[in-house]
Amino acid sequence: MDLTSPRLWLRLQDTHRLISSRYPPVGLFDTVTSSEDLAAVVELEGWTNDRLSVELGLLHLIPPEEWVVGRPHATAVMAAFCHPRPGGGRFNDEDRGAWYAAFALETAHAEVIYHRTRELTEIGVFEARVEVRQYLADFYAQFHDIRGEDPAFARLHDPDSYSASQAFARALRAEGADGIAYRSVRKPGGECIACFRPPLVQNVRPAAHFEYRWSGTSQPAIRLLRADA
């Protein structure tokens, strides 16, 4: 895609990511101490052990120098890249995930609720309860910034299609880009990042648990379950 975007060094603290609580917070990436140890595990049994194979996901498509292991919440970080959503996200396709985070908690809620509500709409049932875990993370990296009002950026924020934005991100990732800063499509005025490289996701820590409850309408109630994990 022939589209130029400015690159900015951004120092961000306390960005917000919400993931389903059904995913375990601790796993193999937390227990090994180095990329070499993880590679040895994979070589010995990873791809023939069904449980580990599921946990590793698309690890084989991520360069070993970008693996995050042996630090707090490494599994949460690597899961974002190893287990992309079917069809991909706004700035990633099915061959590799990304760490999406919002600048504000309200924006993170809006993004997650939109996707879950869309799933419920497809089955025509608005009776559901979902628990999510909040992660905070810091960044100091060079992001391609498409938050401006340049008309050329409009197609990258298409509310109904990821076609243009995935192609744009694919080209940037091939060039070694760190990620993209963009406007939230689901929360007016909100801002988000998509980080392409696991080591750039720094100081990850759990912060809270929330419950979304749909009770017959497309707008769920949000309830704080725990302030700290």
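Could you work out the relative contact order of the chain, using alpha carbon pairs under 8 angstrom and six or more residues apart, expressed as a whole percent?
27 percent
Taking the chain as a Gaussian network, where each spring joins two C-alpha atoms under 10 Å apart, which residue of Ala174, Ala154, Ala207 fluctuates the most?
Result: Ala174 has the largest fluctuation of those listed.
Residues in the stretch 201-229, backbone N under 20 Å from the label point at Tyr140 (7 Å along the Cα-to-beta-carbon vector): list them, ranges by number please.
201-205
Which whole-angstrom value gives the distance between the alpha carbon centres of the stretch 1-44 and the stretch 177-228?
15 Å
So how far apart, in nm, are the two label points at Arg226 and Glu175 if each is 7 Å from Cα heading toward Cβ?
Distance between label points: 4.3 nm.
What residues have an amide H closer than 5 Å to that of Gly27, excluding those fewer than 5 places away on the same chain, when H is modeled at 1.01 Å from N in the peptide plane?
Here the answer is Thr75, since their amide H atoms fall under 5 Å of that of Gly27.
Can you give me the three principal axis dimensions of the chain from its C-alpha atoms, in Å, biggest first?
Taking the Cα atoms of the chain, the three principal extents are 48, 44, 32 Å.
At 7 Å along the Cα-to-beta-carbon direction for both Thr31 and Leu10, put a label point, then send me their distance in nm to one decimal.
3.5 nm
With labels modelled as points extended 7 Å from the Cα through the Cβ direction, what inter-label distance (nm, one decimal) is found for Glu122 paired with Glu149?
3.6 nm
I need the shape label for the stretch 22-83. Rule: rounded when a/c is under 1.5, else prolate if a/b > b/c, else oblate, with a, b, c from the alpha carbon gyration tensor.
rounded
So how much slack lies between Asp160 and Gln219, counting 0.36 nm per residue of separation and subtracting their Cα-Cα distance, in nm?
19.3 nm
Laboratory data are not the source of any read-out in this text; all were calculated from the coordinates shown. Because the structure is predicted, anything quoted here is derived from the model rather than measured. Using ideal geometry, Cβ is built from the backbone for each residue, glycine included, and neighbour counts are taken over all protein chains shown.
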